Structures are given as structure tokens and as C-alpha cells.
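Down below is the structure, laid out as C-alpha cells.
A short reminder: the numbers here are calculations on the coordinates, not readings from a lab. Since the model is a prediction, treat every value here as computed from it, not as a measurement. Methodologically, a virtual Cβ is constructed for each residue, glycine included, from the backbone with ideal geometry; neighbour enumeration extends over all protein chains shown.
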Amino acid sequence: MDRDYVLAEFERQIRRADGEVLIEDDWAGVVASDLDEATADGAIAGYVARFAELGREWEWKHYSYDKPADLADRLLAAGFAPEPTEALLVAVIDELPTEAALPAGTTLLPVTDEETVEMFVKVHNEVFGGDYSAVGRKLLEDKESQRGFVAVAEGGPVSCARVEFTPGTDFAGLWGCGTLAQWRGRGLFRALVAHGTRAAKDAGFRYFQADASDDSSPILQRLGFVQLATTTPFIHP
């Protein structure tokens, strides 16, 4: 993989495609910026004032290659709090496995109705903490650009993942791939990634992108993903 080329395409096609700011029902924040040492502090103060009108928490999504080099320190000084850093990973879809065996006694279901959405959200909430009901609703409302999957065992959901398709780009995204603690280490993560890869390949995408935690990054890199950078969510209350 030509890392510089793929990172530049990620910036052009995904990160900056909709501008610098994104405001949705369940998320708001700065997704990209073009700053330098002279403009950074003023821009940060301007965004803080702008987002104060929303009356809710928001995020500055910082990437390790963002400028100026001390942007993270400036965000801290402005009252932001960092969440755990994740790895920006990208893989060439044609180079990823599309088959992986499920553990005995498990079944993989597509998220297509209220029942499977409820199972998906239940796993999501337990693995990642918080309330992800809005994510579940989007899976039903926007079936063209997203696919959700949930693994079921012993009568209940144990693992889930979501694939997001961005029309008009080369990139599909892998999100929310998580497994209940007692079911980890049995191959569910790899099976969900393979299933998502197959869906992205069938839809005609070239690259698979993920923001991966320290737990999932090594697994994804063994499967063929390449780390291009790191990204840290800076949260403003």
C-alpha cells in the first residue's frame, strides 16, 4: 500500500468531504481543520463559542498529522479532555479474508428489524458504555449506506459490528465491532470483520477503514490493515 497516497485520499474523500464541522442528532464536532501557529488559538476560541449555542458536549477529532504540531496541547489549554487514542487503519479490501469460521453454537444475523436492532444496541451499550439507541435507529432508517450484524449464542446477542458505505468514494468503514467479555478470544471479531469485508467488496469499495482501539488494532493489523496515523477525540463539555 502507498500509505501517503491512501492517507491523502482518505483526507479528500472522507475526512474533508463535508467540510470542517459536522452536526448530527447524536454527534457534533470539528472533523477537520487547516490551522497554523498564528491561527490555531483564535480558531479554537471561535469553535468553542459557536458550539456553546448547542448546549451539549461536542468533539474535536484530532489526527496525529494535524497542524500546528502542538494543536493537542492547545486543545487541552482550551478546556478539552482527551479520550483514548485510536489507530487510523486502512486495508485494501481485495487483500483481506472474506471467510472466517464462527465459533460453535453462534449464528450471525443481519440487523434488519426492531428485534435485531435491540440485540445490536444491547451489545453495543455493554461493550462500549453509554446509550447507542440512536445508532440502532440509523441502521433501520438508512439501510442503503449501512449494514449491521449481530452474533447470537445461547439465546442472546454476544457480538456486533457495523459497516458504513460512503457513496461516491473508495472507502467503506468498520465501526462498533465489539464482543461481550465472556465471548472474547473465540474468533467472533475475525468472523465479523470477514463478513463486513465481504459486504464492502460486494458493494464495490476499494478500501476498508477503521478507527481501532489498542485491543482491536493488533488483530486488524494481523488481518491486513495498515496503520496510517492515530486519532484522538478531544471532548468539550
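Where does the chain land at 222 nm, in deg cm²/dmol rounded to the nearest 500, when only DSSP H runs of n ≥ 4 count, each adding -39500 (n - 2.57), divided by all residues?
Value at 222 nm, helices only: -9500 deg cm²/dmol.
Specify which residue in the list Gly136, Leu223, Ala91 is farthest towards the positive end of the charge dipole of the chain, using unit charges on the beta carbon of Lys, Arg (+1) and Asp, Glu (-1), about the Cα centre.
Checking the options against the dipole of the chain, the answer is Leu223.
Can you compute the charge dipole magnitude of region 3-88 about its Cα centre, using +1 on each Lys and Arg Cβ and -1 on each Asp and Glu Cβ, nothing else charged? Give it in debye, rounded to the nearest 20.
The calculated dipole for region 3-88 is roughly 100 debye.
Over region 155-220, what is the relative contact order in whole percent, taking alpha-carbon pairs under 8 Å and six or more residues apart?
So the answer I get is 35 percent.
In whole angstrom, note down how far apart the Cα centers of region 191-231 and region 67-124 are.
If we compute the Cα centre of each part, the gap is 9 Å.
To the nearest 0.05, how large is the calculated FRET efficiency for Leu35 and Glu115 if R₀ is 35 Å and r is the Cβ-Cβ distance?
Working from the Cβ atoms, E equals 0.15.
So how do Leu192, Leu35 line up by other beta-carbon neighbours within 10 Å, fewest first?
Going from sparsest to densest Cβ surroundings: Leu35, Leu192.
Could you give the dipole magnitude of region 91-228 about its Cα centre, charging the beta-carbon of Lys and Arg +1 and that of Asp and Glu -1, in debye to the nearest 20?
320
Considering the convex hull of the alpha carbon atoms of the chain, report its projected area averaged over all viewing directions, in nm², one decimal.
Values: hull surface 51.6 nm².
Projected over every direction and averaged, the Cα hull of the chain covers 12.9 nm².
Val163: net charge of surrounding residues, Cβ under 13 Å, Lys/Arg +1, Asp/Glu -1, itself excluded?
So the surrounding residues net to +2.
Quick one: length gained pulling Thr98 to Ala78 fully straight, 0.36 nm per residue minus the C-alpha distance?
In short, 2.7 nm is gained.
Modelled label-to-label distance, Lys143 and Lys67, 7 Å Cα→beta-carbon offset: nm?
Label-label distance for Lys143 and Lys67, simple model: 4.7 nm.
State whether region 91-228 is rounded, prolate or oblate according to the following rule on the C-alpha gyration tensor (a ≥ b ≥ c being the square roots of its eigenvalues): a/c under 1.5 gives rounded; otherwise a/b larger than b/c gives prolate, and the remaining case gives oblate.
Oblate shape, in that a/c is at least 1.5 and b/c is the bigger or equal ratio.
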